[in-house]
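Comments concern the structure below.
Just so you know, all these numbers are worked out from the coordinates, no wet-lab data involved. All values reported here derive from a predicted model rather than from experimental measurement. Here Cβ is always computed from backbone atoms with ideal geometry, including for glycine, and neighbour counts include all displayed protein chains.
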Amino acid sequence: MASACANSGVSYWKQLWRWTTSETLENDDLAKVLSSSNVIQGLRQGLDCYKPNKPEDFAKLQSKYTEQAKLLSVVQTLQNYIDVDCFQIWEILKNYLCHISCGTPANALKNTSQCDTRPSFLLPNIWRFYYSERLFLLKLLQYIFQFKDETNHKYHEQFCKIINDIGVQNMKTSLLSQFEKVLGTAPPPRKIQNEFQSETVRQEWAESNLREQLAILQILLQIAEKNTFSESEFTKLFSLFKKHGFGKSSGYNDLLEEGHRETCMRIMYMEVKNVSSWIDSTKETVEHELTKLHMNAEHRQIKMRSHSSPPRIPTTERAMQQVRHRWNAKPPARHHGAVLRTAGDSRNSLLIAELKSLPVYTEIYNPNAVPIVSITADDAMIGREYFPLQDPSYRIEAGSKATIMERKEGTMIHFRTPYSYWTVFNREIVQALDRKQLHHNVNANLQRIYEGARVLEAILRELVEDKEIPKSLVGPSEGVFDVLVHYMRADSPPLPLLMKCLQASNDERVSTDIILPGLIFVLQEVFPNVYGWRYSNRTERRSIIQRCADFITMLLQNVKAPNESGALLKRTCVYNLLYTENAIELLKIISIGKYRNLMFGVI
């Protein structure tokens, strides 16, 4: 079986890993297996040993195995979801048949009568077998490199020979290429769940992808302990770490469950461990990159290691002096408002014009959504047109420039296409009013609306004042009012947001659309029956009576703005109090007297 495994087009990595780690084979037998050209080439190339798919080769495979129509259909379907040559998929299928029937690759097709060959059975299982083989390939390479210097190991000489044949430099180059491809691999489409009849196949792929990342990083860390990485290799690896936010921005977080968080944290730790061990030998390269990292948990070890090294101490002192100089030189923020108020009448149009054409739009970088054609330092070029707001209101044209930088929230991309503040604000309002709530993190969405309402309220109060609202602010004002009406009926309404929306809304609409309906409800349904209801305790009864009395008193005594809506509220209140039911309840309060009412907590 050893010779058969060694001569097959694709090595059976799980079996090789078992033979090697269990130390059950003699040295000569293991040498025959591991010294074959297929195995050495596979270990040298790693995951790149699986060649890309060539559609025209499938006809050749069909002509070679004309009697295996059912298995060929399985290969053809798998080619839609894994970019691997059809002949290699055929070898993987044969290895899987050996795995379930305890045969050999040479006679795998002869034992198909003993196996379940239904496509619905083979497709998901071969899919899992393929990704497990990829992981066993990496684990075998890691095991060989780990014990090549252990003179007491049974296969020490054979391991040294394999590593010498591969070459450590070739291993580093190959692993960096593999890591880049693993990070850039997109999840399989949703239709795979129907074709494989499995609801968890995409989650399984996400977990396999994370495990491959972790295995590659572990091998790189072992290499880094004994071999120095060049500055170009470090820069490439560091840019890959930044690309997915040190394990946080994988591009398929929606597929991951809570059980996968540990794997993500291990990847984050491995990346930090890799980078920290190379800082001393690549100080100049690191200094430029590390200045862009914020103090996140995954960055803490890197920055502490960097700033504590002797060559960086003067740099740190210079940075602190610059911060102190800027702090002393710039006026406090509270003076900015006074400066704006003295800018003359043009300040209104100036500020509104600035909000209508902001220079940079920033969001968390998702490599699967925003393809990058070329990247130089932090400058990138967008490969195809992109709609950050998922609608045509804001479009990033293909070829536009962007900047990718590390921020506190993660890896961010800054688009330089101008946009309107109110376009983004209206998009947030549309998401908040979406009844299906298809977007994620409603609380974050409401927090952004709260911040936008603060800006709108400040503009309406300080800049517009008593003048007519500009046309560009009519839409946001109506949107804020819609949010107020929508969320005031919620079981647990966000009170700070509602207060800010109320302050930014038009007084006429608030009076006619919110206060007036509430007043009618109180005067027709609550106040006439407030004494006749049964209560669980006297405190609740007093509280409701007091609230009704306070509400009515506030409306009748409101002389702040004698506008039409205020007069309408007063007339409505007076006319409804003239009805017999309301008049009787009102007399009950008045007849007791102010002293008794205060004593009992009614008014």
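Couple of notes before you dig in:
- Contour minus Cα-Cα distance for SER400 and SER230 (0.36 nm per residue): 58.0 nm
- Residues GLU26, GLU428, GLU363 arranged by fewest to most Cβ contacts within 10 Å: GLU26, GLU363, GLU428
- Rh by Kirkwood over Cα pairs, then Stokes-Einstein D for the range 1-166 at 1.567 mPa s and 4 °C, µm²/s: 78 µm²/s
- Shape index of the range 469-579: Rg/Rh, with Rg the Cα radius of gyration and Rh the Kirkwood radius from the inverse mean 1/r over Cα pairs, equals 1.03.
- Virtual spin-label span in nm between ILE100 and GLU23, 7 Å along Cα→Cβ: 3.5 nm
- FRET E, pair TYR535, ILE469, Förster distance 30 Å, beta-carbon r, rounded to 0.05: 0.05
- Formal net charge of residues neighbouring PHE121 (Cβ-Cβ distance under 14 Å; K, R +1; D, E -1): +1
- Couplings 3J(HN,Hα) of the range 92-100, computed from phi: 4, 4, 5, 5, 5, 4, 5, 5, 8 Hz, in residue order, whole Hz [Karplus 6.51 cos²θ - 1.76 cosθ + 1.60, θ = phi - 60°; x for Gly and Pro].
- Among the trypsin sites (Lys or Arg not before Pro) in the range 151-228, those located in a DSSP loop and surrounded by at most 12 other Cβ atoms within 10 Å of their own Cβ are ARG190.
- Long pairs among LYS356/LYS471; LYS181/LYS236; LYS161/LYS181; LYS172/LYS236; LYS32/LYS154, criterion Cα-Cα beyond 20 Å: LYS161/LYS181
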